[in-house]
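Quick notes on the structure that follows.
The values are calculated or read from the model by the stated rules, or taken from the named source; none is laboratory data. Model, not experiment: these values are computed from the prediction. Positions of Cβ are generated from backbone atoms using ideal geometry, with glycine treated the same way; all protein chains shown enter the neighbour counts.
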Amino acid sequence: MGDDTQPDYDVLIVGAGLSGCYSLYRMQELKLRTKVIEAGSGPGGTWYWNRYPGARFDCESYSYGFSWSQEVLDEFDWTEHFAPQPETERYINFVCDKFGLKEDMQFDTRIQSAQFLEESRTWQLNDDKGRTYTSRWLITGMGVLSNPTLPNLPGVSDFKGTAYHTARWPAEPVDFTGKRVGIIGTGATSIQAIPEICKTVGDLTVFQRTPNWAIPLHNKKIAPDEMKKIREGYPELFRRCAETRMSFIHEAGKKKTTDATAEERELFWEDLYGQPGFGLWVSNYTDIGLDKAANKLISDFVEKKIRQRVSDQKTADMLIPKNHGFGTRRVPMETHYFEAYNQPNVHLVDINATPIERITEKGIKTSEKDFEFDMIIYATGFDAVTGAFDAVSFTGTNGVTLKDTWDGGPQTYLGLTAKSFPNMFMIMGPHQMYGNIPRSIEFAVEWVSNCIEYCRAHDVTWVEAKGDGVEMWTNHVHEVAKGLLSNEIDSWMTGVNKNVAGKQKRTIARYSGSAQEFRRVCNKVADDRYNKMVLA
Ligand code: NA7
């Protein structure tokens, strides 16, 4: 080492979401001096920021919680099969309080830049208040969907009423009674929020650019004796998650649409449509995500369901996706979403037919009409995956910036590391396995903490992906994505955000092979003592 000055910390972690919490727990176990820096005023990440009405899990609560602490599994009771945001925020606080994690967390602090200092082999981070922090190791846990984007429409700041982005929702309850509300966007967030808002709203107008293939969540309360059974079944549940392709409890389908008759398919789909959770998406016929003809069959089935649930068939027409098939974008889960449009005070505007021209002082002006609102809700999504990285200025060796390195799409080794960015590890970075996110977080955190432990045991103070490793992994990520219909569609999963300059073209943002394969490759790299990485 060129410089033996001690950094402030052994490890700095950016973000106190699930990734940051578990990373901190592991670093504390290794007895490393660690600090988590978090922009919010409390832990939770996604579950701290997304407080909009109706925000809840789309995947079973008990399959989403951490699996690494028997005490937490024993002590925390989930009250709904798909927990609402306040319960999840409470859960994360429960975990943090139990293990004293908050003592090493600094809230209300946003990191603006991070620079690798080659001489001292340390990271230097700068925050929004002009403070500087240094550490040997840097772990990013900044989230996949954490950088919200407003629409690129003129006049957004002109509106004189109340305006919220769903991911920057206030902590205090928002009263919709008697209010005229406009909401822009019809992604998974809006599809959760609309049915809640329309329970009390005076008048709601939904501005839709792309309809989505939403399916019923079928949420239910968990009775105490049911929670007891769930608790007894945790070992089996996590074993199952470890064996499924996307780490959900729903197993992948095994047959193709052509292996079944039309009647058999109909019965199978009716059954899945009636079951809670992601089954219709995850456990469906294997060819629906690969073959356009197969995909058309299931899309027709879901179309029929939408038509049955929406009274006005012109509105139903507008709610049926025309340019993408079922499951080729993230499938939103809903509770009475389609029925919301049967209310006389809920209106749907197709902004492809009548584009929004601008936001005005009083509301939203389309090519057809001037709408007046008391409140505008932006459910317009996120600069996903690489967006959180773009928001921080990362500089690695030789002045290389992460933004420039990833300009044509992310380049990573295992989604966990990047060339020219030594000693930096990404939890839920691009090219990582997502699926049931906490299952992927646990794996990534354990891989990273094992690597740091190994480095410390072997006096290694510089660990960095090699170029051939990055090339190999990036090619592999592209290879496993081939043939998937989802990669032919614009969505956050393909890195497209029309509100952000430079994010108009599709990239392969995530790993779309199986979770087992992802883990196998990463484990092999660790077993081979971090092959295709520089350790010095
Ligand atoms: P999404 O799924 O990215 O949805 C954002 C929505 O906002 C989507 O309907 C967009 O239409 C719409 N949008 C974005 N910008 C505009 C503009 N400028 N004008 C009109 N409409 C716009 O984000 P969510 O928050 O709903 O969900 C994110 C994830 O969170 C979700 O997948 C789950 O994993 C949890 P578009 O489709 O781009 O035409």
task = Would you check if there is a residue in region 150-163 being crowded, with 19+ Cβ neighbours inside 10 Å and either in contact with a helix residue (DSSP H, G or I) (Cβ under 6 Å, 6 or more places away or on another chain) or of a type in the set (G, A, S) (or both)?
result = no
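Does F82 satisfy being within 15 Å of the ligand (Cβ to nearest atom), modelled with pLDDT of 95 or more and of a type outside the set (S, T, Y)?
Working: within 15 Å of the ligand (Cβ to nearest atom): yes; modelled with pLDDT of 95 or more: yes; of a type outside the set (S, T, Y): yes.
Answer is yes for this residue.
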ask   = Just wondering, is there one or more residues in region 271-285 that are under 30 Å from F176 (Cβ atoms) and within 15 Å of the ligand (Cβ to nearest atom)?
value = yes
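Could you tell me whether any residue of region 224-233 is more than 12 Å from the ligand (Cβ to nearest atom), modelled with pLDDT under 95, outside any loop (DSSP other than H, G, I, E, B) and farther than 22 Å from F371 by Cα?
From region 224-233, those more than 12 Å from the ligand (Cβ to nearest atom) are 224-233; that's our starting set.
Then drop every residue that is not modelled with pLDDT under 95, which leaves 224.
Going one step further and asking which of them are outside any loop (DSSP other than H, G, I, E, B), we end up with 224.
If we keep only those that are farther than 22 Å from F371 by Cα too, we end up with 224.
Checked against the condition, which is being more than 12 Å from the ligand (Cβ to nearest atom), modelled with pLDDT under 95, outside any loop (DSSP other than H, G, I, E, B) and farther than 22 Å from F371 by Cα, region 224-233 yields at least one hit.
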query = Hey, does region 507-516 have a residue that's not in a loop (DSSP other than H, G, I, E, B) and not polar (S, T, N, Q)?
reply = yes
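With K322, K314 as the choices, which residue is closer than 28 Å to G185 by Cβ and away from the ligand (no atom under 16 Å from the Cβ)? Write out each step before concluding.
Numbers: K322 fails: away from the ligand (no atom under 16 Å from the Cβ).
The unique qualifying residue is K314.
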key: Count of residues meeting criterion [among the β-branched types (V, I, T), within 15 Å of N436 (Cβ to Cβ) and outside any helix (DSSP H, G or I)] in region 46-86   = 0
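Can you name every one of the strands (runs of 3 or more DSSP E) wholly within region 349-390 that holds 1 or more residues which are in contact (Cβ under 8 Å) with a residue 12 or more places away in the chain and within 13 Å of the ligand (Cβ to nearest atom)?
Details: elements: 356-359, 363-366, 370-372, 375-378.
Passing ranges, in order: 356-359, 363-366, 375-378.
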key: I489 being away from the ligand (no atom under 16 Å from the Cβ), modelled with pLDDT under 95 and out of contact with any Asp or Glu (no Cβ under 9 Å at 6 or more places or on another chain)   = no
task = List every residue pair whose Cβ atoms lie under 6 Å apart, where the two residues are 6 or more positions apart in sequence or sit on different chains, the first residue falls within region 181-209 and is on the phi > 0 side of the Ramachandran plot, and the second residue, located anywhere, is within 11 Å of the ligand (Cβ to nearest atom).
result = G185/A379; G185/T380
query = Across region 214-255, what is the number of residues that are more than 30 Å from D287 (Cβ to Cβ) and of a type in the set (A, V, I, L, M)?
reply = 4
